[in-house]
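The values are calculated or read from the model by the stated rules, or taken from the named source; none is laboratory data. Bear in mind the structure is a predicted one, so any value in this text is a computation, not a measurement. Every residue, glycine as well, gets a Cβ built from its backbone with ideal geometry; the counts of neighbours run over all protein chains shown. Heavy atoms of the whole protein, side chains included, go into the accessibility calculation; ligands, DNA and RNA do not. Shrake-Rupley method; radii C 1.70, N 1.55, O 1.52, S 1.80 Å.
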Amino acid sequence: MRLEELVPGAVVRGLVHSGLATVTACKWYGDDVVELTYRNADGNVASALLYRDDEARLQPVTAGRPWAFDGDGATFRLVSEAHRIRLAHLFDPLLAVHTSLVDPLPHQLTAVYERMLPVQPLRFLLADDPGAGKTIMAGLYIRELMLRGDLERCLVIAPGSLVEQWQEELDSKFDLRFDIMSRDMVEAARTGNPFNERNLLICRLDQLSRAGDLRDRLAASDWDLVVFDEA
């Protein structure tokens with residue numbers, strides 16, 4: 001933008017660090033220097049001396065309509081679809097079931113959707129027999145809360161022989177990518193506390209029971225949901 005274009009009423013970008021400025025007056029000193037009086041977006045009036053070298057950072061802003069239909073259609077569709085998915089739980093009470101690779105049994109649906117989800121905060125004991133699908137119920141509960149925007153950080157504590165099973169089940173059936181706590185993860189933690197660096201984490205019960213330092217770091221972290229296997 002040339003200095004000659006800086007006339008009263010012109011809207012300029014680059015004159016102030018943030019936002020736009022409206023020129024109110026200008027006074028020339030020769031052919032290469034102009035003293036500009038302008039009003040910023042907050043309504044404050046200021047002045048500045050501009051030289052030919054400043055032309056490169058100035059951009060004129062053309063006043064247009066407050067709205068138009070010339071936006072990118074693909075981007076609008078993507079945003080509207082994301083918003084629809086974010087609100088899908090309001091229209092589908094079994095959204096986690098319909099978006100997971102599971103075919104839950106009636107008692108699992110009853111436990112998750114009729115007994116667990118309505119209770120906030122939840123302290124619940126699943127004491128079903130082995131093979132009744134407690135992992136499936138926990139996965140449905142976790143995914144449903146995440147779809148509703150109520151859960152971001154989840155910790156699963158399980159016996160060492162079951163952590164890989166938990167990781168595989170949650171990944172393959174519910175698309176939940178949990179990491180398994182390891183000593184290498186602890187040593188590589190940038191903040192010194194690996195519990196604060198992972199939102200979805202599985203820990204070995206025996207590892208926590210033997211390591212007092214890990215229990216101290218765990219106590220210094222916050223979780224939306226903690227699942228204990230074999231409690």
Inset, instruction - Give me the distance between the Cα centres of the range 93-138 and the range 148-191, rounded to whole Å. - result: 19
Inset, instruction - Report ³J(HN,Hα) in whole Hz for each residue of the range 198-215, in order, from the Karplus equation J = 6.51 cos²θ - 1.76 cosθ + 1.60 where θ = phi - 60°; Gly and Pro get x. - result: 10, 8, 10, 9, 10, 10, 7, 4, 5, 5, 5, 5, 8, 10, x, 5, 5, 5
Legend entry - Value of [θ]222 nm, deg cm²/dmol, for the chain, DSSP H segments ≥ 4, -39500 (n - 2.57) each, nearest 500: -8000 deg cm²/dmol
Inset, instruction - Enumerate the amide H contacts of Ile202 below 5 Å, restricted to partners 5 or more residues apart or on another chain; note that Pro and chain-start residues carry no placed amide H. - result: Val156, Asp179, Ile180, Met181
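Per residue, how much accessible area does the chain have with a 1.4 Å probe, in Å²?
Details: 14690 Å² over 231 residues.
Spelled out: the 1.4 Å probe surface of the chain, per residue, equals 64 Å².
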Legend entry - Net charge over other residues, Cβ less than 12 angstrom from the Cβ of Thr191 (K, R count +1; D, E count -1): +2
Inset, instruction - Determine, for each peptide in 104-114, 204-214, the mean count of other beta carbons within 10 angstrom over its residues, then list the peptides with the highest first. - result: 104-114, 204-214
Legend entry - Positive dipole terminus of the chain, leading residue within Asn193, Val112, Met137 (C-beta point charges): Val112
Legend entry - Ordering of 149-161, 115-127 by packing [mean C-beta count within 10 Å, highest first]: 149-161, 115-127
Legend entry - Distant-in-sequence amide H partners of Leu20 (H built 1.01 Å from N, under 5 Å): Ala41
Legend entry - Percent carbon-and-sulfur accessible area, the chain, ignoring ligands, DNA and RNA, probe 1.4 Å: 52
Inset, instruction - Report the relative contact order of the range 97-189, percent, no decimals, based on alpha-carbon pairs under 8 angstrom and at least 6 residues apart. - result: 30
